[in-house]
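Trainee: Next up is a structure, given as structure tokens.
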Amino acid sequence: MIEINYNVDETEWKKKFPHFKKYISKTVNETIKVIDDGIHKNISVTFLLTSNKKIKELNLKYRKKNKSTNVLSFPMQSSFNNYYLLGDIALANQTLLKEAVEKKITKYDYLCKMTIHGMLHLLGYDHKTEKQFKQMKKFEDLIYNTIKKVK
């Protein structure tokens with residue numbers, strides 16, 4: 001079982017992305033299914049759905065980058081009360097909306113893409129080297145294309 005928790009601290013999320021739970025949930029489940037790394041127990045992941053201002057503060061505090069971003073991931077990978085706590089993902093709605101327009105894709109498609117990206121970071125993937133980038137991109141595309149078929 002996958003437990004998904006949502007902390008919405010920015011009211012615009014519910015206005016701009018009224019179906020966020022449906023898309024995030026589908027994406028989390030599909031990512032876990034595709035990246036079968038032997039986690040066969042109860043998994044928990046928490047989402048902070050926030051503003052550019054808040055994600056900028058988090059980005060500065062944890063990554064020493066004084067700018068807003070689309071997604072931040074905070075891997076935990078520890079067990080608690082029969083759950084495997086994968087970690088936390090923060091998403092900023094204003095950045096997602098702006099970047100979706102720039103990339104000419106729907107806001108929900110972009111939400112799915114950024115959720116996949118965050119989930120892969122929680123699962124231990126990164127993109128610091130060219131080899132890591134290619135591997136992560138391959139999985140992002142595979143998962144996204146699988147989700148698009150399921151719609």
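Trainee: Within region 61-81, is there a residue that is surrounded by 19 or more Cβ atoms within 10 Å (Cβ to Cβ) and at pLDDT below 90?
Mentor: For region 61-81, residues surrounded by 19 or more Cβ atoms within 10 Å (Cβ to Cβ) and at pLDDT below 90: absent.
Trainee: So which residues in region 97-112 are of a type outside the set (Ser, Thr, Tyr), closer than 11 Å to Val71 by Cβ and either in contact with a strand residue (DSSP E or B) (Cβ under 7 Å, 6 or more places away or on another chain) or without any contact (Cβ under 8 Å) to a residue 60 or more places away in the chain (or both)?
Mentor: Of everything in region 97-112, just one residue is of a type outside the set (Ser, Thr, Tyr), closer than 11 Å to Val71 by Cβ and either in contact with a strand residue (DSSP E or B) (Cβ under 7 Å, 6 or more places away or on another chain) or without any contact (Cβ under 8 Å) to a residue 60 or more places away in the chain (or both), namely Glu99.
Trainee: For a quick check of your reading: which helices (runs of 4 or more DSSP H) sit entirely within region 37-151 and have at least 3 residues that are within 19 Å of His19 (Cα to Cα) and out of contact with any Gly (no Cβ under 7 Å at 6 or more places or on another chain)?
Mentor: Filter on region 37-151 gives 93-103, 107-122, 130-150.
Trainee: Right, next: Can we say Thr129 is in contact (Cβ under 8 Å) with a residue 40 or more places away in the chain, under 25 Å from Leu58 (Cα atoms) and not small (Gly, Ala, Ser)?
Mentor: When the stated conditions are applied, Thr129 does not pass them.
Trainee: Here are some conditions: (1) out of contact with any Cys (no Cβ under 6 Å at 6 or more places or on another chain); (2) touching a residue at least 12 places away in the same chain (Cβ under 8 Å). Lys22 meets all but one. Which one does it not meet?
Mentor: (2)
Trainee: Sticking with this structure for a sec: Restricting region 24-43 to residues that are hydroxyl-bearing (Ser, Thr, Tyr) and buried (at least 20 other Cβ atoms within 10 Å of the Cβ), which is modelled with the highest pLDDT?
Mentor: Thr27
Trainee: Would a scan of region 3-22 turn up a residue that is buried (at least 19 other Cβ atoms within 10 Å of the Cβ), outside any helix (DSSP H, G or I), modelled with pLDDT of 95 or more and not charged (D, E, K, R)?
Mentor: The answer is yes; a qualifying residue exists.
Trainee: Assuming Val45 fulfils every condition listed in (1) closer than 12 Å to Thr115 by Cβ; (2) in contact with a Phe, Trp or Tyr (Cβ under 6 Å, 6 or more places away or on another chain) apart from one, which condition is it?
Mentor: (2)
Trainee: Check off (1) of a type in the set (Asp, Glu); (2) modelled with pLDDT of 95 or more; (3) surrounded by 19 or more Cβ atoms within 10 Å (Cβ to Cβ) for Glu99 and give me the number that stays unchecked.
Mentor: The failed condition is (3).
Trainee: With respect to Lys54, is the statement that it is of a type in the set (D, E, K, R), touching a residue at least 24 places away in the same chain (Cβ under 8 Å) and closer than 19 Å to Asn93 by Cβ true?
Mentor: Yes, satisfied.
Trainee: Within region 112-126, which residues are hydrophobic (A, V, I, L, M, F, W, C) and either under 16 Å from Leu142 (Cα atoms) or under 8 Å from the mean Cα position of the chain (by Cα) (or both)?
Mentor: Cys112, Met114, Ile116, Met119, Leu120, Leu123 - these are the residues of region 112-126 that are hydrophobic (A, V, I, L, M, F, W, C) and either under 16 Å from Leu142 (Cα atoms) or under 8 Å from the mean Cα position of the chain (by Cα) (or both).
Trainee: Oh, and also: Check whether at least one residue in region 105-123 is buried (at least 16 other Cβ atoms within 10 Å of the Cβ), at positive phi and of a type outside the set (Phe, Trp, Tyr), and report yes or no.
Mentor: No; the residues of region 105-123 include none that is buried (at least 16 other Cβ atoms within 10 Å of the Cβ), at positive phi and of a type outside the set (Phe, Trp, Tyr).
The values are calculated or read from the model by the stated rules, or taken from the named source; none is laboratory data. Because the structure is a prediction, the values reported are computed rather than measured. Please note: Cβ atoms are built from the backbone with ideal geometry, for glycine as well, and neighbour counts cover all protein chains shown.
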